[in-house]
Amino acid sequence: SYNGFNSAPSELHYVLNSYMTALNKGIEVHVCTDIGRIENVSISPKYWANSGLSGSPSLAAVTAYTKTNGTGYQMHRSDWEYVSYLHVSGYKTGVWIGREPGFADAQLYEVHVEDCGNGLYVEDVNPYGILISNSSFSANKGDNAVYFYKDFSTSVQFNGVNFSGAIVGDGADG
């Protein structure tokens with residue numbers, strides 16, 4: 001699909017046991033005013049490429065597109081989002097957390113991102129912050145495992161997280 005799951009605006013969304021290839025955004029959470037959940041979701045170009053569907057592209061072709069244009073998981077404002085067992089690979093941005101309108105606060109557990117231009121891209125978060133536990137963000141040479149945007153001014157806590165690749169912060173605060 002072009003976009004996978006879009007929750008805008010919503011409450012109490014629950015995406016469970018899903019495997020997808022999305023050319024633009026795999027999952028987008030935008031203005032969730034009550035707790036949403038994402039559990040056991042894998043987002044990768046390989047699902048379409050290996051689907052056996054008539055006309056499905058090669059893995060190289062779809063990965064070239066998603067690594068140039070795609071975001072695996074994007075979270076704008078969300079009030080206490082819970083994300084667990086999320087795996088993203090082969091995208092321009094693996095996990096994007098930001099604002100517009102409002103900010104996100106969330107707990108992410110067992111989130112694994114690999115082979116993305118920015119594994120985790122943080123624009124800004126709610127003053128309550130984000131907690132990421134038992135996760136991993138890896139980047140290829142020249143890419144970022146984690147990138148903090150210039151406006152980032154609050155808190156992201158990491159507990160038991162493995163980083164492989166550059167961690168870049170362009171902000172003066174946070």
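Comparison of ASN69, ASN17, ASN40 shows that the only residue that is touching a residue at least 24 places away in the same chain (Cβ under 8 Å), under 23 Å from ASP143 (Cα atoms) and either in contact with a helix residue (DSSP H, G or I) (Cβ under 8 Å, 6 or more places away or on another chain) or surrounded by fewer than 16 Cβ atoms within 10 Å (Cβ to Cβ) (or both) is ASN69. Identification of strands (runs of 3 or more DSSP E) wholly contained in region 76-170 with 2 or more residues that are more than 16 Å from LYS25 (Cβ to Cβ) and either in contact with a helix residue (DSSP H, G or I) (Cβ under 6 Å, 6 or more places away or on another chain) or open to solvent by 40 Å² or more (accessible area, probe 1.4 Å) (or both) yields 78-89, 104-114, 156-159, 162-164, 166-169.
Among the residues of region 74-99, those identified as under 17 Å from TYR149 (Cα atoms) and either free of Cβ contacts under 8 Å to residues at least 40 places away in the same chain or touching a Leu at 6+ places or on another chain (Cβ under 8 Å) (or both) are LYS92, THR93, GLY94, VAL95, TRP96, ILE97, ARG99. State all residues of region 3-13 that are surrounded by fewer than 18 Cβ atoms within 10 Å (Cβ to Cβ) and modelled with pLDDT under 95; if no residue qualifies, say none. The answer is ASN6, ALA8, PRO9, SER10, GLU11, LEU12.
Take the conditions farther than 20 Å from TRP96 by Cβ and without any contact (Cβ under 8 Å) to a residue 12 or more places away in the chain and apply them to ALA49. Does it pass? Spelling it out, it is not the case that ALA49 is farther than 20 Å from TRP96 by Cβ and without any contact (Cβ under 8 Å) to a residue 12 or more places away in the chain.
The values are calculated or read from the model by the stated rules, or taken from the named source; none is laboratory data. Please read these numbers as outputs of a predicted model, since none were measured by experiment. When we count neighbours, we look across all protein chains shown, and the Cβ atoms used for this are built from the backbone with ideal geometry, even at glycine. Heavy atoms of the whole protein, side chains included, go into the accessibility calculation; ligands, DNA and RNA do not. Shrake-Rupley method; radii C 1.70, N 1.55, O 1.52, S 1.80 Å.
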